[in-house]
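> I am attaching a structure below and will ask some questions about it afterwards.
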Protein chains: 2
Amino acid sequence: MSGVRAQQKEKTRRLLIDAALSQLSAERSFSSLSLREVAKEAGLAPTSFYRHFSDMDELGLTLVDEAGLTLRQLMRQARQRIAKGGSVIQISVATFMELIESNGNVFRLLLRERSGTSAAFRAAVIREIRYFTMELCDYLQKANDLEADVAYMQANAAVTIVFSAGSDALDIDDKAEREQLSKQTIQQLRFIARGAAELSDRRKAVRKRK
Amino acid sequence: MSGVRAQQKEKTRRLLIDAALSQLSAERSFSSLSLREVAKEAGLAPTSFYRHFSDMDELGLTLVDEAGLTLRQLMRQARQRIAKGGSVIQISVATFMELIESNGNVFRLLLRERSGTSAAFRAAVIREIRYFTMELCDYLQKANDLEADVAYMQANAAVTIVFSAGSDALDIDDKAEREQLSKQTIQQLRFIARGAAELSDRRKAVRKRK
DNA sequence: ATTTTAAGTGTACACGTGTACGCTATTATT
DNA sequence: AATAATAGCGTACACGTGTACACTTAAAAT
C-alpha cells in the first residue's frame, strides 16, 4: 500500500476541481457547466468523471466547501492585520476587497448558489456564510461588550453589506470607483456599529436604573 | 385597422410571459428554462415563440421590466400606508414581506439575475434596484433633512438589508420565524438610520462652529 | 375582389447532453 | 507469481435543445 494509486487519484480529482473553478466567470455559472466540459478541461474522458464524483452536484458541493475554506482564511488574515493595530472596519473591508480581486470566481460561486436552484447548494452556502457571521458575532460581542442578540444583528447586517459590496465590486474595473465603493461600505458598517452600540448602551442604562 | 390582429398578438405575448413566470420557482431559474418549455406551457408550437421574442433573453428582459414595475407598486403602497401614520421602517418592512409572499417568483428572478450570467440581465436588474434606491434616498433626504451622500449611503444599505432579508424569507415556511426575521430586519434598519442621523448631526455641529 | 402580410403549425436537422457498458493497463492484494 | 481491484478510455444511445424552412389561414391593405 505505497499509495501511489490513491495519490494519483487525488491528483486528478484536483484537476477536475480546478478545471471547474477555472471555467467560472462573470459569463459562466457553475450550473451552466456541463460534466463533459469540465472533464474536457481537465484532460479526461467524460466517463472518467464518475470515478471521482457521482454527479456535477457533488463536485459543486465540494467547490462550496473550498469557498468556505477561503472565507475562513480571509477571517484569519483580517485578524492578523487587526492585531497590528488600525481601524477594525477599514482593515476588514480592505482585506475582503482584496480577496474578491484575487478570488473572484470563488466568491461568485457563493453569491450565485446562495439564491440558486439547488436546495443542497443553497443550504451549503448559507451554512458557510452563517459560520462566517457567527465568528464575527463572537468577535463583536467580546470586543465591544455587546449582548448576544445585538451582536448577532450587527454581525448579520455587516456581513450582508460587505457581501453585497463584494458583489458590486466584481462588476467594477475602475480602481477609483472601487476605492469609492470601499469608502462607502466602511461608512455603512460604521452606521451599523453606531446603531448597535447605542441600543446596547440604552439597555444598560435601563438596567442600572432598576 | 380594427386591430383585432394586434390585440390577439398581445394576448399570446402575455401568454408567453405568464407561462415563463409560472414556471419559475425555488427549483427553477429563468436561465434553466428552455424556449420549448415556455412555448409548450403557453400552448404554442416552439417556433411560434419567435413571432414575439427573438430570444429567451428578450423575454427575460421583459420579465425584469415587469419586476421593476412590481417594485414601484410596492413603493407606492408603502407610501400610502405611511401617510396614514405609524413607524416608517416597520410599515416598509411589512409591506415588502407581503410582496415577497405574494410575488415570490418575481422577486426570485431579480435576486438571481442580479448576480446572473448575462451582462444585459445584470444591468437591467441593477437599474431597477438603483431606481428603487434613489426613490428611497429622496424620501430620506427630505424627511430627515440629510445631506445627499449620507442619504444615499443609508438608502443603499437599507435596500441591501431588506433585499437580503427578502431572500431569506423565501426559504422560510414557518410564520413565527418569518415574524422574527422581520423584527430583526427592522432593528437593523434602525441601526443604520441611527448611524446616518448621527453622522449628519456631527457634520452640522462642525459647520456651526465655524 | 384581389393581393399582401403575418401569426401560428409541423417537419427536419445538427448538436450537446448524461450515462450505460465493455475494455485496457496498472497498482494492490493474496 | 497469480489474482483482484480500479483509474481511465472509447463507443453508443436516447433525449432535449435552438432554429431554419415551407406551409396554412385569417386579417389587413389595395
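Each reported figure results from applying straightforward, stated rules to the coordinates on display, with no laboratory input. Quick caveat, the model's predicted, so the values are computed rather than measured. Cβ coordinates were reconstructed from backbone atoms using ideal geometry, including for glycine residues, and neighbour counts include every protein chain displayed.
> Any of B:LYS84/B:LYS204; A:LYS175/B:LYS142; B:LYS11/B:LYS40; B:LYS84/B:LYS142 with alpha carbons more than 23 Å apart? Name them for me.
Among B:LYS84/B:LYS204; A:LYS175/B:LYS142; B:LYS11/B:LYS40; B:LYS84/B:LYS142, the Cα-Cα distance tops 23 Å for B:LYS84/B:LYS204; A:LYS175/B:LYS142.
> About the Cα centre, and with charges only on the beta carbon of Lys, Arg (+1) and Asp, Glu (-1), how big is the dipole of region A:56-209? Nearest 20 debye, please.
So the dipole magnitude of region A:56-209 works out to roughly 980 debye.
> Residues of region A:161-199 with backbone nitrogen within less than 14 Å of a virtual label 7 Å along the Cα-to-Cβ line of A:SER102, please, listed as ranges.
Under cut-off, by backbone N: nothing.
> Choose one answer from A:LEU71, A:LEU15, A:LEU99: the residue with the largest mean-square fluctuation in a GNM of chain A with alpha-carbon springs under 10 Å.
A:LEU15
> Quick one: with label points 7 Å out along Cα→Cβ, list the inter-copy distances for A:ARG14 in nm, shortest first?
Computed spacing set for this position: 6.0 nm.
> I'd like the orientation of helix A:148-169 relative to chain A: the angle between its Cα long axis and the longest Cα principal axis, in ° from 0 to 90, rounded to 10.
Taking Cα atoms only, the helix is inclined about 50 degrees.
> Let me ask something else. Using the Cα centre of region A:20-86 as origin and beta-carbon charges of +1 (Lys, Arg) and -1 (Asp, Glu), tell me which of A:SER22, A:SER48, A:LEU69 is placed farthest towards the positive end of the dipole.
Among A:SER22, A:SER48, A:LEU69, the one farthest towards the positive end of the dipole of region A:20-86 is A:LEU69.
> Closest approach to the A-B rotation axis by any Cβ of A: residue and distance in angstrom?
A:GLY195, 2
> While we're looking at this one, here's another question. From the square roots a ≥ b ≥ c of the eigenvalues of the alpha-carbon gyration tensor of the protein assembly as shown, which class results: rounded (a/c under 1.5), prolate (a/b over b/c), or oblate?
Oblate, since a/c reaches 1.5 and b/c is not below a/b.
> By the scheme Lys and Arg +1, Asp and Glu -1, what is the net charge of all other residues having a beta-carbon under 14 Å from that of A:THR185?
So the environment of A:THR185 carries a net charge of -2.
> Moving on. Between helix B:4-23 and chain B, what is the angle of the helix's C-alpha long axis to the longest principal axis, kept within 0 to 90° and rounded to the nearest 10?
Helix B:4-23 and the main axis of chain B meet at about 60 degrees.
> Below 12 angstrom from the Cβ of A:MET153, what's the summed charge of the other residues (Lys, Arg +1; Asp, Glu -1)? Display every interim value, and only then the final one.
Numbers: positive: B:LYS183, B:ARG190; negative: A:GLU147, A:ASP149.
Once all neighbours under 12 Å are counted, the net charge is 0.
> In addition: Mind checking A:150-163 for the average number of partner chain beta-carbons within 10 Å of each residue's beta-carbon?
Working: counts 2, 0, 1, 7, 3, 0, 7, 12, 2, 1, 10, 7, 1, 2.
Mean partner-chain Cβ count within 10 Å for A:150-163: 4.
> Between copies, how far apart are the B:ASN144 label points? List them in nm, one decimal, shortest first, with each point 7 Å from Cα toward Cβ, please?
1.6
> Let me make sure I get this right: for region B:91-210, a, b and c are the square roots of the gyration tensor eigenvalues over alpha carbons, sorted descending. Under 1.5 in a/c it's rounded, otherwise prolate if a/b > b/c, else oblate. Which is it?
Oblate, because a/c is 1.5 or more while a/b does not exceed b/c.
> Could you work out how far the C-alpha centroid of region A:152-169 sits from that of region B:55-75, in angstrom?
A separation of 26 Å, based on Cα centres.
> Between A:ARG127 and A:SER54, take the C-beta separation as r, use R0 = 22 Å, and let me know the FRET efficiency to the nearest 0.05.
Efficiency computed from Cβ-Cβ geometry: 0.55.
> Another question, then. To the nearest whole number, what is the average tally of beta carbon atoms from other chains within 10 Å of the beta carbons of peptide B:186-198?
Mean inter-chain Cβ contacts per residue within 10 Å come to 6.
> Once the label point is set 7 Å along the Cα-to-beta-carbon vector, what list of distances in nm do you get between B:ARG207 and its counterparts in the other copies?
Relative to the other copies, B:ARG207 has label-point distances of 3.8 nm.
> Give the angle, between 0 and 90 degrees and rounded to the nearest 10, that separates the Cα long axis of helix B:56-83 from the longest principal axis of the Cα atoms of chain B.
Here the helix axis deviates by roughly 40 degrees.
> With only Lys, Arg, Asp and Glu charged, each at its Cβ (+1 for the first two, -1 for the last two), find how big the charge dipole of the protein assembly as shown is about the Cα centre; round to the nearest 20 debye.
Details: 66 positive and 54 negative charges, 306 e Å.
Dipole size: approximately 1480 debye.
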